[in-house]
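The values are calculated or read from the model by the stated rules, or taken from the named source; none is laboratory data. Not measured: the values here are computed from a predicted model. Note that we place each Cβ from the backbone using ideal geometry, even for glycine, and neighbour counts take in every protein chain shown.
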Amino acid sequence: MATEHINGNGTDEPVESSVAVTHSEHFQTLLDAGLPRKVAVKLDEIYIAGLVSHSDLDDRAIEAPKEFNEEGALQVLLQFKDSDLSHVQNKSAFLCGVMKTYRQREKQGTKVSDSTKGPDEAKIKALLERTGYTLDVTTGQRKYGGPPPGSTHAGVQPTVGTEIFVGKIPRDLFEDELVPLFEKAGPIWDLRLMMDPLSGLNRGYAFITFCTKEAAQQAVKLCNNNEIRPGKHIGVCISVANNRLFVGSIPKSKTKEQIVEEFAKVTEGLNDVILYHQPDDKKKNRGFCFLEYEDHKTAAQARRRLMSGKVKVWGNVVTVEWADPIEDPDPEVMAKVKVLFVRNLASTVTEELLEETFCQFGKLERVKKLKDYAFIHFEERDNAVKALAEMHGKDLEGEQIEIVFAKPPDQKRKERKAQRQAAKTQIVSAGNNALFIGFNISEKSFYWFDKINIYRPIPIWWPIYRASLLYRVKIRDAPIMIFHGRFGYRFFYKQTGRYRFPIFFFFL
């Protein structure tokens, strides 16, 4: 330890009334890193108090306080010192999170609330001692477990279908109340409680991963709409982590192997490609595919990379969106399904041929063929099971067919489709009584068009504002969203009675 003696005149000469200031052995390192002296003193005090050691903080965490003025850096370190670091494993990341929260508070003009009630540490400690799980706290979440202790579960990490979403959680509720409720359903792999760093309370929802699918399904049955506190009911459902992307603008001549090879070059974690062929030409795809990744994180990274515009596939920028998540139907419901879904049918296959092929396994209710797939409705499930076992992978009219049990209609997917259709209808109706004027940069000319149909060019010098002068009407601004091709823009229109004239609209 180093000791400084500073007299009242601010010199380094020791005097009789001097005050001893003790620093750690890393104090000089902080000064050498370029931290202001007061900031270095405050961080060194945290070292001496034993809350964190110098080795706990990486270069990024040491450099970050220099981004603030001296007062701001001191406030950040004070908040860091007052935080409960007992369950923080990555203290560098936690300190950077505190800095991010401080910036957000500065923008909003809010201050740290001293009255914020956190978890009861005595109850949290008792829970961890009883279960043997670990707890990792960051500014954005509290993670309980992951993986659990070997005495609870010694297997591999759970797969899709083992995670549940818990909503409507009281904001001041923590693991000591959640874990005892949900562990009744089965062994927990991990519990992630999402936190609001500005308030110190939870965000009202959490994700819980169980060690088995059965435990996750049991948790939904036991805990959905459970009154966790008087008058407070939580909502619980299976969480579907989307790891599938829809990719359009794919050359129709490309095969599955070529698509796998091309996208594996520009993205990581690609597991599979789902490709659909044209019904009348099996050598061509339909111009789109689905990319399946290892998990949601790698899928999200791939989506950001492909949407950046910097990555081209076969020399072109592709269209990328999240695919609708595939939710596993209730096993009890699937156990009663009597309908088979048959795909990869040749164009020569007819409903009569399908009926003749499948009726040998039992009486059919009906057969419905659509493009290159069909639905076979049996009267008895046992007959459908026999047909699936016998016919899956068999050759029919020169094509190897694939058969699975048809999934019951997905109500959520129907709702999403209805919302998209409603939005599309609003866009079309908005254009039914509108006259739009746009400027084509490449041709250097204006266009006007009605109902999204281009009519004729107007000289570039023709001023748009003449519209308001010509009609001499009261101007009212009204925002509306109009889509043209791949681009969508928000405009403000001048109301002119029958027509609405856009102030500006550029399209390429």
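Among the residues of the stretch 160-178, is there at least one that is buried (at least 19 other Cβ atoms within 10 Å of the Cβ) and of a type in the set (Phe, Trp, Tyr)? Yes: the stretch 160-178 contains one or more residues that are buried (at least 19 other Cβ atoms within 10 Å of the Cβ) and of a type in the set (Phe, Trp, Tyr).
Return the residues of the stretch 86-103 that are part of a loop (DSSP other than H, G, I, E, B) and over 25 Å from the mean Cα position of the chain (by Cα); say none if nothing qualifies. First the steps, then the outcome.
So the first thing to find is which residues in the stretch 86-103 are part of a loop (DSSP other than H, G, I, E, B), and the list is 86-90.
Correct list: 86, 87.
Residue selection: residue 162 satisfies the criterion of being in contact with a Lys or Arg (Cβ under 8 Å, 6 or more places away or on another chain), farther than 25 Å from residue 102 by Cβ and polar (S, T, N, Q). Looking at this structure, is residue 418 in contact with a strand residue (DSSP E or B) (Cβ under 8 Å, 6 or more places away or on another chain), in a helix (DSSP H, G or I) and either at pLDDT 80 or above or of a type outside the set (Phe, Trp, Tyr) (or both)? When the stated conditions are applied, residue 418 does not pass them. Figure legend. Inter-residue proximity from the stretch 88-100: first residues closer than 15 Å to residue 196 by Cα and touching a residue at least 60 places away in the same chain (Cβ under 8 Å), second residues buried (at least 19 other Cβ atoms within 10 Å of the Cβ) and among the basic types (Lys, Arg), beta-carbon distance below 9 Å, spacing 6+ or different chains. No pairs are indicated.
Within the stretch 295-349, the set of residues being surrounded by 15 or more Cβ atoms within 10 Å (Cβ to Cβ), under 30 Å from residue 218 (Cα atoms) and modelled with pLDDT of 85 or more comprises 298, 299, 300, 323, 337, 338, 339, 340, 341.
Of the strands (runs of 3 or more DSSP E) lying entirely inside the stretch 183-273, the ones with 2 or more residues being farther than 30 Å from residue 311 by Cα are found at 188-195, 202-210, 227-229, 235-238.
Taken over the stretch 147-159, the residue count meeting the criterion of being surrounded by 15 or more Cβ atoms within 10 Å (Cβ to Cβ) and either closer than 17 Å to residue 243 by Cβ or touching a His at 6+ places or on another chain (Cβ under 6 Å) (or both) is 1. For the stretch 274-294, taking the residues that are of a type in the set (Asp, Glu) and either assigned to a strand (DSSP E or B) or closer than 25 Å to residue 398 by Cβ (or both), the one that is modelled with the lowest pLDDT is identified as 280.
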